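Peer 1: Can you keep this structure in mind? I'll have questions shortly.
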Amino acid sequence: MNNKILIVEDEKDIRDLIIYALEGKGYQTISTDDGEKAIKMLKENKPDLVILDWMLPSVSGLEICRSIRRDINTKNIPIIMLTAKITEEDKVLGLDSGADDYITKPFSTAELNSRVKAILRRIERNNNKKLKYADIEMDLVAHKIIRNGRKIKLGPKEFKLLKNFLEQPQRVFSRDQLLDKIWGENIYVEPRTVDVHIRRLRKAITANNEINIIRTVRDAGYSLEVDV
Ligand code: CA
């Protein structure tokens, strides 16, 4: 299958370089220099991946990113942000707005190709995949969670946390491990932030008559576990 990649970049040289690199690897590309057009192309062409420049003249990359995540038809499309900005704060902002990965300018075509390959491989692995533990089921394609036949809605961080736990139930994760896995390595976030999101996750997945299945392991971290 030829994956279709949308490239949104206003600098022609960089756009051409990306197109050249990706088409050389057999990907199909569509591209634009404009944010408004990008949003339209997304809806019409349903790309498998978006490479999105942060700094665009009309609508910023961040805004496009948010609008992709808000729309039910596009919210699962992976996004790689291109940025000249490299502060930690920007990284957090970008990841919070829904980007899956980052490439900092200037970048090599080898780096670009390897990031694209990694993301597409991850998506493919996740396709048709369901994670289950105890009475919880997560459908990674439909992005849905069911507990006891009840639909559960989670924020993006809580979703990632639960997914992480479901991938390795009964394993204890420290706050630092969760920060690395969910928020990303090399990003400074207060360890207590993890506690806040764990509380939210617990609250969301636990109805009044249900047991709490996210265990707090003293001085160690958290795990997904049903008492046996
Ligand atoms: Ca730009």
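The values are calculated or read from the model by the stated rules, or taken from the named source; none is laboratory data. Keep in mind the model is a prediction, meaning the values are calculated, not measured. Because the Cβ atoms are built from the backbone with ideal geometry, glycine has one as well, and the counts that use them run over all protein chains shown. Please note that ligands, DNA and RNA were not included when accessible areas were found on the heavy atoms of the full protein model with its side chains. Shrake-Rupley method; radii C 1.70, N 1.55, O 1.52, S 1.80 Å.
Peer 1: Condition test on Leu52, is it over 21 Å from the mean Cα position of the chain (by Cα) and within 12 Å of the ligand (Cβ to nearest atom)? Can you show your working first?
Peer 2: Working: over 21 Å from the mean Cα position of the chain (by Cα): no; within 12 Å of the ligand (Cβ to nearest atom): yes.
No.
Peer 1: Please tell me if Ala110 is of a type in the set (A, V, I, L, M, F, W, C), over 24 Å from Thr193 (Cα atoms) and either exposed (fewer than 13 other Cβ atoms within 10 Å of the Cβ) or within 16 Å of the chain's Cα centre (by Cα) (or both). Write out each step before concluding.
Peer 2: On the way: of a type in the set (A, V, I, L, M, F, W, C): yes; over 24 Å from Thr193 (Cα atoms): yes; either exposed (fewer than 13 other Cβ atoms within 10 Å of the Cβ) or within 16 Å of the chain's Cα centre (by Cα) (or both): yes.
For Ala110, the condition - of a type in the set (A, V, I, L, M, F, W, C), over 24 Å from Thr193 (Cα atoms) and either exposed (fewer than 13 other Cβ atoms within 10 Å of the Cβ) or within 16 Å of the chain's Cα centre (by Cα) (or both) - is met.
Peer 1: Among the residues of segment 179-189, is any within 20 Å of Glu89 (Cα to Cα) and touching a His at 6+ places or on another chain (Cβ under 6 Å)? Can you show your working first?
Peer 2: First, the residues of segment 179-189 that are within 20 Å of Glu89 (Cα to Cα): 179-189.
Now narrow it down to the ones that are touching a His at 6+ places or on another chain (Cβ under 6 Å): none.
The answer is no, given that none of the residues of segment 179-189 is within 20 Å of Glu89 (Cα to Cα) and touching a His at 6+ places or on another chain (Cβ under 6 Å).
Peer 1: If you scan segment 46-91, which residues turn out to be open to solvent by 70 Å² or more (accessible area, probe 1.4 Å) and either in contact with a Cys (Cβ under 8 Å, 6 or more places away or on another chain) or among the aliphatic types (A, V, I, L, M) (or both)?
Peer 2: Met55, Ile72, Ala84, Ile86
Peer 1: Look through segment 1-23, keep the residues that are free of Cβ contacts under 8 Å to residues at least 24 places away in the same chain and more than 14 Å from the ligand (Cβ to nearest atom), and return whichever of them is least open to solvent (accessible area, probe 1.4 Å).
Peer 2: First, pick out the residues of segment 1-23 that are free of Cβ contacts under 8 Å to residues at least 24 places away in the same chain: 1, 12-13, 15-16, 19, 23.
Within this subset, residues satisfying the condition of being more than 14 Å from the ligand (Cβ to nearest atom) are 1, 19, 23.
Details: Met1: 181, Ile19: 35, Glu23: 95 Å².
In this case the residue turns out to be Ile19.
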